[in-house]
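All remarks here apply to the structure that follows.
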């Protein structure tokens, strides 16, 4: 699915940026802009290499999700397998296949790109490419880090995604969008 970029509103311009923080996963820049009246303004912008998310759906309509601690919100969050595009030059589909195997212990015959979305465009340039994985087979996991070491998997039927969002069992926005897109791509109704 090709991305259709949108031009910024007419009259806005960029004046450059300065990196103020660099971490292992992202950096923060102080960016300068001008509005259509030529008035300057600044924003802090998080620069992120991007991510992938994978909805792995079996023949019965069940998606394999992972549950892991998310320290930023101090909750155990149920999510689709996902990961940062942290290998230079690696195509997003290859990253998605790697993350699916590492986290969920699955390989897919078919991967279909469902969408490419900004996560929080108000302050971050992270773009996540969402895939539907089908034709699944088990493989060994290769989890990394403390959170993934304690990660568990759960099967969720696509038909139940809407109810799970409404009752608070699904709270990760990428997962919500991914499950709804997968249900639509597979012609499944939500209840």
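The values are calculated or read from the model by the stated rules, or taken from the named source; none is laboratory data. Just so we're clear, the structure is a prediction, and the values are computed from it rather than from any experiment. Note that each Cβ is placed from the backbone with ideal geometry, even for glycine, and that neighbours are counted across all protein chains shown.
Among the conditions (1) in a loop (DSSP other than H, G, I, E, B); (2) closer than 30 Å to residue 30 by Cβ; (3) touching a helix residue (DSSP H, G or I) at 6+ places or on another chain (Cβ under 9 Å); (4) free of Cβ contacts under 8 Å to residues at least 60 places away in the same chain, residue 143 misses just one, which is (2). Using the structure shown, decide if residue 59 is at pLDDT 95 or above, surrounded by fewer than 17 Cβ atoms within 10 Å (Cβ to Cβ) and not in a strand (DSSP E or B). When the stated conditions are applied, residue 59 passes them. Considering the conditions (1) closer than 20 Å to residue 25 by Cα; (2) in contact with a helix residue (DSSP H, G or I) (Cβ under 8 Å, 6 or more places away or on another chain); (3) not in a helix (DSSP H, G or I), residue 103 is excluded by exactly one of them, (3).
All conditions but one from (1) over 18 Å from the mean Cα position of the chain (by Cα); (2) in a strand (DSSP E or B) apply to residue 36; the one that does not is (2). The conditions are (1) closer than 19 Å to residue 179 by Cα; (2) touching a helix residue (DSSP H, G or I) at 6+ places or on another chain (Cβ under 6 Å), and residue 77 fails exactly one of them. Which is it? So residue 77 meets the others, but not (2).
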